[in-house]
Amino acid sequence: MDIIFGIILPVFGTLGLGYVAARCGVFDEAANRGLSLFVFNFALPLMLFRAIAQAELPAAMPWGYLLSYYIGAFAVFGLAMLAGRLLFGRRLDEQAVLGLGAGFSNTGMLGIPLVMTAYGPSAALPLFVMIACHSLLMLPPTTALIEAARGGQQSAAATLLKLGKSVLATPIIWGLSCGLAFALSGVPLPGPLDSVAGGLGAAATPCALFALGASLTRYSLGGNLREPLVLVALKTVGLPLLVWLLATQVFEVPPLWVATGVLLAALPAGITPYLFAQRYNVCQSSVASAVFLSTLLSVVTLTALLFLLRP
């Protein structure tokens, strides 16, 4: 009951309130864009900056944590591509977008608030490690596959350069990096900086969840649901199961890192796959349905995982 009333209801209740507000027209697209910019440019970076700056760093990086997650993520990516080819007759560029839809988690808008609410500041370091690698490892292969299928319109070097610039321009990465610098130096946060970061960071969780709920009104169920259901099954069941098996049976990963990695793996599909589908004009209906369905289903799957994963 503590998990339901202390984590699930506050998290998904805030998300649901944002959805209802947007659906009823009392929180329009312009308002949601402004709130999302505040969350990503200020609130989340400052919350993570403060948490990392005050974190106790491990003596050695648990590489098994990253290997468990990304072996699982790319395995699911490949399975989604295979399903797209064998079951639905998709081209290579379409298969790549489907793979991203099955393997790319919504770490920003839902993952950070959920993990921090569930496990507190001690989970900030595993979050930092995952967020720092997530886009950097998942997006270049997707882009390369799409470009290869379309005749190599963009070189690999140009793709990597563009992605590097995008990562360096991300405020969350700057917040994490500055927090890590303080943690490594051992210098405590100055009082005024700590107060500002604490005050604005406190708004990150509710605002991110409200904005995510409002943004879900852009997506709806459409077309044949067989393909989205395959993506949802791989994303919310297959990926967390693979990560858990690898982290507990193959690698030696600390319990908190196992819990964080599995919870991040079980998150619904991120908005990024839909942006790829829009950009390349492929599989938009399937990916939009997968984002919507996986978010709804995650209420059940994440609740179950929080009961099972108690580091």
- Residue under evaluation L267, criteria (1) assigned to a helix (DSSP H, G or I); (2) open to solvent by less than 10 Å² (accessible area, probe 1.4 Å); (3) within 26 Å of A123 (Cα to Cα), criterion not met: (1)
- Give the residue, chosen from T295, T260, T303, that is farther than 24 Å from P141 by Cα, part of a helix (DSSP H, G or I) and at pLDDT 90 or above. T260
- Item | Number of the exception - R279 against (1) touching a residue at least 40 places away in the same chain (Cβ under 8 Å); (2) under 21 Å from M81 (Cβ atoms) | (1)
- Among V26, V97, which is the only one that is open to solvent by 10 Å² or more (accessible area, probe 1.4 Å), closer than 30 Å to Q284 by Cα and among the aliphatic types (A, V, I, L, M)? V26
- Do you know which residues across the stretch 77-93 are surrounded by fewer than 24 Cβ atoms within 10 Å (Cβ to Cβ) and assigned to a helix (DSSP H, G or I)? G78, L79, M81, L82, A83, R85, L86, L92, D93
- Single match in L189, L145, L180 (criterion: outside any helix (DSSP H, G or I), surrounded by 15 or more Cβ atoms within 10 Å (Cβ to Cβ) and either more than 18 Å from the chain's Cα centre (by Cα) or modelled with pLDDT under 85 (or both)): L189
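The values are calculated or read from the model by the stated rules, or taken from the named source; none is laboratory data. Keep in mind the model is a prediction, meaning the values are calculated, not measured. Cβ sites come from the backbone with ideal geometry, for glycine too, and all protein chains shown count toward neighbours. Heavy atoms of the whole protein, side chains included, go into the accessibility calculation; ligands, DNA and RNA do not. Shrake-Rupley method; radii C 1.70, N 1.55, O 1.52, S 1.80 Å.
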